[in-house]
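Heads up: the structure comes next, in structure tokens.
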Amino acid sequence: MKPTVQNRNRTDRAWKKLYQRLEEDALLPQKPATGTYRWKAAVILAVGLLSGLAIYFTRHREAETTPTSISQVAIRNTESPSLRTTILEDSSIVHLDDKSILTVPTTFAQDVREVTLEGTAIFDVTGNPHRPFRIRIGKAEVEVLGTSFYVKSEGSCLLEAGVKSGRIKVTHPESSQPVYIGKGEKAVWQGKRFKVSPDKIENTPMHHTRYLRFKDESLGHVLYALNRMHPEEIQLMADPETGQRKLTFTYTYSRPEDIADIISKALGISYRKENNTLIFIE
């Protein structure tokens, strides 16, 4: 069987499973239109209450997560201006910019975590000194043990990298020495070398993490990413069963209580407050 046919079959099976789940949760119209199925179960609260937040289920004509081989998948962000947020199997968080593609293995190797990037992305990598995290961009490579940083590229050319916390090492085939970038610094490729200089977060892609989009992620993953972004605020949690619920979530920075209200109404669940934590329950 040709690879394109295999990929199409995998995608069809994935959508069939998603359709069955939506049907079980009574989230589909009773009389779907003929032709290609396309659905949305949108949550609309009082207009103007939280205009930046929306939760919905949808099927795109172009699949955003596509199997590239038996062992890898390509994650695409096809919508602008929001970043597409995904959580990898090691709990590292990736915010993918518009028209960018992240290729990841279905399972990381035991000794290294390696992904391939085309475009721009923000990474919040889970630290593990025994399993370094590497990002390949053409022949260039970014290596990190655990930090928060961004990478910008065009095609297979690494253009820029900046660090919010921690430290990364950047290796470029046209540079004789690797470049180390620390907290509050960025490196820009100029000619045949990287120029390292101080930088402010508001001048980098890190500033745009206030506008995120989660595509068919589990509630547990969504809450984990939001908590990592705002650790100083009220934390959001879910019990194990509730945390498995899937949703597509478009997020603009708001109070944790407002986020909890919208999620609870969208999934038909409740939440309670314990000290400095909001806990979702069935």
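Taking R0 as 25 Å, what's the FRET efficiency between ARG134 and GLN177 from their Cβ-Cβ distance, rounded to 0.05? Don't jump to the answer; show the numbers that get you there.
Details: r = 18 Å, r/R0 = 0.72.
E between ARG134 and GLN177, to the nearest 0.05, is 0.90.
With +1 on each Lys and Arg Cβ and -1 on each Asp and Glu Cβ, how big is the dipole of the range 151-258 about its Cα centre, in debye rounded to the nearest 20?
Details: 17 positive and 14 negative charges, 112 e Å.
Here the range 151-258 has a charge dipole of around 540 debye.
Add +1 for every Lys or Arg and -1 for every Asp or Glu among the other residues with Cβ under 12 Å from the Cβ of GLY182, and state the total.
In short, +3.
Apply 1/(1 + (r/R0)^6) to the Cβ-Cβ distance of SER270 and GLU233, taking R0 = 30 Å, and write down the FRET efficiency to the nearest 0.05.
Numbers: r = 21 Å, r/R0 = 0.69.
Approximately 0.90, to the nearest 0.05.
Excluding LEU278 itself, what net charge comes from residues whose Cβ is under 13 Å from its Cβ, given Lys and Arg +1 and Asp and Glu -1? Let's see the in-between values first.
Working: positive: ARG255, ARG272, LYS273; negative: GLU233, ASP239, GLU257, ASP258, ASP261, GLU274.
Combined, the nearby Lys, Arg, Asp and Glu give -3.
Where in the range 87-188 are there trypsin sites (Lys or Arg not before Pro) that are in a DSSP coil and have at most 16 other Cβ atoms within 10 angstrom of their Cβ? Could the numbers behind the result be given before it?
Details: sites: LYS99, ARG113, ARG134, ARG136, LYS139, LYS152, LYS164, ARG167, LYS169, LYS183, LYS186; in loops: LYS99, LYS139, LYS183.
Counting only loop positions with at most 16 other Cβ atoms within 10 Å, the trypsin sites (Lys or Arg not before Pro) in the range 87-188 are LYS99, LYS139, LYS183.
What Kirkwood radius, in Å to one decimal, follows from the Cα pairs of the range 113-214? Provide the component values of the computation, followed by the final result.
Details: mean 1/r = 0.0735 Å⁻¹.
It is 13.6 Å.
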Per-residue HN-Hα couplings for the range 149-159 [Karplus 6.51, -1.76, 1.60; θ = phi - 60°; Hz; x = Gly/Pro]: 7, 10, 9, 10, 9, 10, x, 9, 10, 6, 9
Report, to one decimal in Å, the Kirkwood hydrodynamic radius for the range 128-282 based on all distinct Cα pairs. 17.7
Can you work out the Karplus-derived ³J(HN,Hα) for every residue in the range 258-271? Use 6.51 cos²θ - 1.76 cosθ + 1.60 with θ = phi - 60°, whole Hz, and x for glycine or proline. 5, 4, 4, 4, 5, 4, 5, 6, 5, 9, x, 10, 10, 8
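Every number in this text was worked out from the coordinates using simple rules, so none of it is lab data. In this text the structure is predicted, and so the values were computed from the model without any measurement. So basically every Cβ, Gly included, is an ideal-geometry build from the backbone, and we count neighbours across all protein chains shown.
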